[in-house]
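Bear in mind these aren't lab numbers, they're just calculated from the coordinates by the rules spelled out. Just so you know, these numbers come straight off a predicted model, no measurement behind them. FYI the Cβ positions are ideal-geometry reconstructions off the backbone, even for glycines, and counts take in every protein chain you see.
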Amino acid sequence: MSTMTSPADGAKPIDVAAATAKLLGATSGNMVTYLQSCVHCGQCAAACHFYQATKDPRHTPALKLRPMLKAHRAKSSPLAWIGLAPALTERDLRETEDLIFDTCTMCGRCTQVCPMGIDVASIVQISRQAYAAAGLGPSDLMAAADASRDKGSPLGLTPEKLEERIEWLADENEVDIPLDKAKADVLLTVSSIETMKYPSSIVAMAKLMNHAGVNWTFSSKGYESTNFGYLAGNTSVARVMIERIVAATAATGAKTVVIPECGHAFGVMRYAAANILGRPLPFEVRHITEYLADLKRQGRLRLKPMADAFTYHDPCQISRRGGATADARYLLDGFATDFREMSPTGNFNWCCGGGGGVQAMGRAADVRHKVFKIKMDQVEATGANTLISACSNCRLTMDESKAHYHWPHEIGSLVEILADHLDDTARPAAAAE
Amino acid sequence: MREDKTLAQALESRGVSRRAFLKYASYVATLMALPPSASRVIAEELAKARRQSVIWLSFQECTGCTESITRSMSPTLEDLIFDFISLDYHHTLQAVSGAAAEHARTEAMKANKGKYIVVVDGSVPLKDGGVYSTIAGITNLDMLKETAKDAFAVVSVGTCAAFGGIPHANPNPTGAVAISEIITDKPVVNIPGCPPIPEAMTGTLAYLLSFGKLPELDAKGRPLAFFGETIHDRCYRRPFYERGMFANSFDDEGARKGWCLYKVGCKGPIAYNACATLKWNGGASFPIQSGHGCLGCSEPGFWDKGGFYEPLAAATAKLDIGVGAAAVAGVAAGAAAAELMRRKKSAAVDAANSKKKDG
Amino acid sequence: MRSHDAADCCADAVTGLAEAVLSEIADLLDQFAASGAQSSIDLSGLPMTDADREKLAQRLGRGEVQATLDVAGQTDVWETQYAGVWWVRHFGGNGQVISEEIAITHVPAILLTHREDARAAAERLRKACEVLEATTAADQSSAERDSIHA
Amino acid sequence: MDLLDFARGPALQIGLYVFAFGVAFRLASLLLLPRLKDLSAARKGAPGAVVASGREIIRRMWPQSVYAEATRFTTINGYIFHLGLAIIVFLGTPHILFLKGLIGVSWPGLPTNIINGVAVITFLSLIAALVHRLQSPVLKAISTANDYITWLVTMLPVATGLLAISHLGWRYETLLAVHILSIAVFLIWFPFGKLMHAFLIFLSRGTTGAHLAHRGAQL
């Protein structure tokens, strides 16, 4: 069944049949509806940051439906019987590889503008599975997926390293960071980016949780919520990553799993996980901004006002595609006295350019930098010096580009500024428990 | 029978002046939409012409065409045409009958060989050897061929002769055909209509007499002068059409107010004829003026165009059982395709699973 | 009949064709005056409503000459108040207008006596004279006879 | 049988058969595929799939203000020819009579000169759509034969209709026949080309509406 072809240039062989089979396996009414609905109006280009940054028509999101449409047609259309629906070729896959991986963050802006309402992101997600099955995809993304499976985290954060880190952070910052607590209401997870690059974010989350008197813990059985299996199109790795968190939650008896500042981690765990496992999750999944907003609503979060001017970058998977846009504003309301919305903002905010694993693709760095110019313009228009996000992946993407351009603005994290302004003089909520 | 005297001389003796020719000529020029300057030429040519021998053959018809051309009781200018022609054979109008009548026909053919005009009303049945219509034991087909052989031109009068007409309507039991399907070796003018407008017949004959040739014809062999525009083009109710004011039935407000009859089946837009301008019965009225839509009787197959009261825009195609069947077949085929896809999907998933197990 | 109201309603419509015809007439009259070129306009061929025709007739008015001919039905001819512009209206046998034209000319052709007609007329007149002479001669001789007898 | 008889009869009949079969086939083969069942927990207060689908179908009739500028031409021009076509087809008296002949019900139409005006606007709008497609690098890149065939098949009835009402070119009955034939071609192409979006728009909008409303995402 598998027809492996080896190109003469010695590149690794591409298994077109495997890609087609993967697509067939993912066939659903939803997918086929999207594939067949595009009217080629081209409006999605205007919404895509990759097109906006490069003005290259190749980056029109509508084109990202093409390979899968072709494969599907070749397998389903009566036209195929009379030879009018050619099969997907190796060349098709090679030529479009970068469209499916490097230049799509699955941010969903194109879906917003699409008059047909086509969810291009979901087709890209299926396409990634097919391309990965064929042996395509950026090696660093694939490696990150493998590392997730083998070491527990894409950046090699093994359970041992996690324990070391937590110990060190707790000591360094004089904060209580529970790990593998036997019984907890809340299982907090990490994104390896935070652990490795922004450890202060872990400390901030711990401070906030402790401040509100939450019975929470990290777990060495399941801690990494960033799912590079999902982003790489490797469903089996995606499943392993989810199962680890499910097991860890079960072990502590937690009813709530809190996802840290990572957009795709939230999107996958909150919405994709149950569908990948094929069963509903036995616990609720909250993003840290949602969870903190819950605490604020319960009166358990007491903050000192913050006067610094700043603006907020909405992570796509949390705002536009996550439904938690309002919670970030709720947290800032009454706390940040000089909060400035950028334009467009909220559900319409531009993507950082690094979502969907693009951040992890070294070869996509150039285009990411180009995309970041959009963000720079947005921020500069607000007059604020500081750019805050609730996603460490966005933050890393933006930090890298900031360095590339020597952009003089500050880039920070929502949980960190909240933790920095905790009012610990009175802790009625904690006292009450 | 052709006479040696010119028409002018013949009429002169009856005290008819050249002014009458001039007046008749200006009438014909108007009818045929010729430039006013042509009327002097017509007048001169007519005056010089000799009486034209005409042999009138009636086949599968209802005599309505003859009624139409002879409808007038008092002699009028239009009737001058009968002074211009010598109707040598017309079995309804001529006094003699039987062998004498047929003799008159053959005599006229002999005497005016190559110069006489054959006027035909009625279609010719071809089925079963043409037995469905015979005259003096001769089938219409044979008589037409024989008579037309030495004619100068053939004029098909009425829709039956021009296009097969009502005898030709589905299922055409006699195998009726138009004259032009039989006479292919000489000019044939079609003056359709059920019946044709008398002026269209007399005008065409006058033109033939004056100019010795056929007037300009359209693709269906009809003189453009009478059949160049549709009823709709010249209909006095056209402004109502433009304004979207229609009668929805024959007894509603719109019908009483004389609004456009398009919706109740008027075929005016595709009927080429001069009824709206020449009108009928001495200019008294025409069907639309009398409150009925045009049937399009001057068009081929007018009997079989999906009902006189069906609007022109309505398709003769129907949302019939076949369309339902096509939809059902489509659903069935679609279901099969979906099922096929479902199986391909399961097979792909199973293959992936077994591969994983093997791996 | 109601349906005729509709016909009347539309026949009443003024389309502006009268003005167009008037300016055409003016052009043709210029040419006639300059070069003697005669011409005519066939009104029956124009899609004029009754109201249009009425308006045109009013504008042109009636001039010095009017004639009525009895030729296979009536024909009315009149010069309009613009010299050289003639209105010729032919009626059929049943009083219906069968043809109508504006002639820009010295005299409409239909008014002119055709030479052939004159020749025929002369012949007839000659015959009539002969008959008259014959009868006069006969009368004379009988009168003479009478006077002799008297 | 002349061309008009052929157009009004067999040609349209074949068009209707193919249309009915094709649309039924396309919809059945799509709707009978298994659909994804979202097993993730719905956001609190998220509407049900039916409400969410309906809401999305309606809301997406006009672009969000953020995209107003980028989508202005396509949106406005798109509306012009879509509404134009709808007005011509559903409010032009001959078309109402055509539909009445098929489905048995009728309704009042607009005066002919208004319909003619709308047809001219629609014609120009379709020309503008094609020019736009040929000039925009993005549209050039994503356009396929389907787009151009669909444009032609949509344009033909408008153009032939305009010719018919203005009696330009051939004789009226020939123009009318060609106009009706172009409808038959339209009906035949409909299920197999981009015109299917008339149906698919509800499915794809609805699918996304349900998918994202489940998450509480505001799109």
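Applying the Karplus parametrisation 6.51 cos²θ - 1.76 cosθ + 1.60 with θ = phi - 60° to the phi angles of the stretch D:46-61, what ³J(HN,Hα) value in whole Hz is obtained for each residue in order, glycine and proline being reported as x?
Rounded to whole hertz, the list is 5, x, x, 4, 5, 4, 4, 4, x, 4, 5, 4, 6, 4, 6, 6.
Name the long-range amide H neighbours of residue A:361: under 5 Å, sequence gap of 5 or more, or other chain; modelled H, no Pro or chain starts.
none
Going by amide H atoms built from the backbone, whose H comes under 5 Å of the H on residue B:153, apart from near neighbours?
The answer is B:118.
If r is the Cβ-Cβ distance from residue A:297 to residue A:381 and R0 is 30 Å, what FRET efficiency results, to the nearest 0.05?
About 0.40, to the nearest 0.05.
Hey, in the GNM for chain A with a 10 angstrom Cα cutoff, which one of A:192, A:127, A:76 fluctuates hardest?
Maximum among the listed residues: A:76.
If one computes P(r) from the Cα atoms of the stretch B:105-188, what percent of pairs lie at distances over 16 Å?
50
Which angle from 0 to 90°, rounded to the nearest 10, does the C-alpha axis of helix A:235-252 make with the longest principal axis of chain A?
That helix lies at roughly 20 degrees to the long axis.
Please report, in debye to the nearest 20, how large the charge dipole of the protein assembly as shown is about its Cα centre when each Lys and Arg carries +1 at its beta carbon and each Asp and Glu carries -1 there.
It works out to roughly 3620 debye.
Please report the spacing between the Cα centers of the stretch B:238-316 and the stretch A:151-211 in Å, no decimals.
Value for the Cα centre distance between the two parts: 88 Å.
Quick check on my link table: of B:127/B:305; A:12/A:70; A:221/D:37; A:64/B:344; B:263/B:305, which ones sit more than 18 Å apart, alpha carbon to alpha carbon?
Beyond 18 Å between Cα atoms: B:127/B:305; A:12/A:70; A:221/D:37; A:64/B:344.
How much length is gained if the chain between residue D:72 and residue D:50 is pulled fully straight, taking 0.36 nm per residue apart and subtracting their Cα-Cα distance, in nm to one decimal?
4.9 nm
Let me see the pair-distance distribution of chain A: every alpha carbon pair, 10 Å bin width, integer percents in order.
5, 22, 31, 25, 13, 4, 1, 0
Kindly flag which residue pairs out of B:115/B:149; A:181/A:255; B:257/B:279; B:318/D:100 have an alpha-carbon separation exceeding 18 Å in this structure.
The pairs that break the limit, which is 18 Å between Cα atoms, are B:257/B:279.
Using a 10 angstrom cutoff on alpha carbons, build the Gaussian network for chain B and name the most mobile of B:147, B:66, B:184.
Fluctuation is largest for B:184.
Step through the residues of the stretch D:103-119 one at a time and calculate ³J(HN,Hα) from phi using the Karplus curve (6.51 cos²θ - 1.76 cosθ + 1.60, θ = phi - 60°), rounding each to whole Hz and writing x for Gly and Pro.
Those phi angles translate into 10, x, 10, 9, 8, x, x, 9, x, 4, 5, 5, 4, 4, x, 4, 5 Hz.
Connecting C-alpha atoms closer than 10 Å in a GNM of chain A, tell me which of A:201, A:389, A:28 has the biggest fluctuation.
Checking each option, the largest mean-square fluctuation is seen for A:28.
How tilted is helix C:17-35 with respect to the longest principal axis of chain C? Cα atoms for both, answer in degrees (0 to 90, nearest 10).
50
Mind running the shape call on the stretch B:7-227? Use the C-alpha gyration tensor, a ≥ b ≥ c as the square roots of the eigenvalues: rounded below 1.5 for a/c, prolate if a/b tops b/c, oblate otherwise.
It is prolate, given that a/c is not under 1.5 and a/b is the larger ratio.
Residue farthest toward the positive end of the dipole of chain B, with Cβ of Lys/Arg at +1 and Asp/Glu at -1: which of B:188, B:266, B:64?
The listed residue farthest towards the positive side: B:266.
Report the extension gain between residue A:150 and residue A:174 in nm, rounded to one decimal, defined as 0.36 nm multiplied by the number of residues separating them, less their alpha carbon distance.
5.4 nm is the gain from fully extending residue A:150 to residue A:174.
Using only the alpha carbons of the protein assembly as shown, determine the length spanned along each of the three principal axes and report them from longest to shortest in whole angstroms.
181, 69, 58
Given the options C:96, C:67, C:109, identify the residue whose Cα lies farthest towards the positive end of the charge dipole of the stretch C:53-114 (+1 on Cβ of Lys, Arg; -1 on Cβ of Asp, Glu).
C:96
What aspartates and glutamates could a cross-link reach from residue B:186, if we take a straight Cα to Cα line under 18 Å and drop same-chain neighbours fewer than 8 places away?
B:121, B:142, B:146, B:150, B:216, B:218
Putting +1 on Lys and Arg Cβ atoms and -1 on Asp and Glu Cβ atoms, find which of D:12, C:78, B:254 reaches farthest to the positive end of the dipole of the protein assembly as shown.
Projecting each Cα onto the dipole axis, the largest value belongs to D:12.
Quick one: angle between helix D:72-91 and the longest Cα principal axis of chain D, in degrees between 0 and 90, rounded to 10, please.
50
Taking the simple approach of a point 7 Å from Cα along Cα-to-Cβ for both residue B:128 and residue D:170, what is their distance in nm?
3.9
Using the basic label-point model (7 angstrom from Cα toward the beta carbon), what is the residue C:34 to residue B:142 distance in nanometres?
Label-label distance for residue C:34 and residue B:142, simple model: 6.9 nm.
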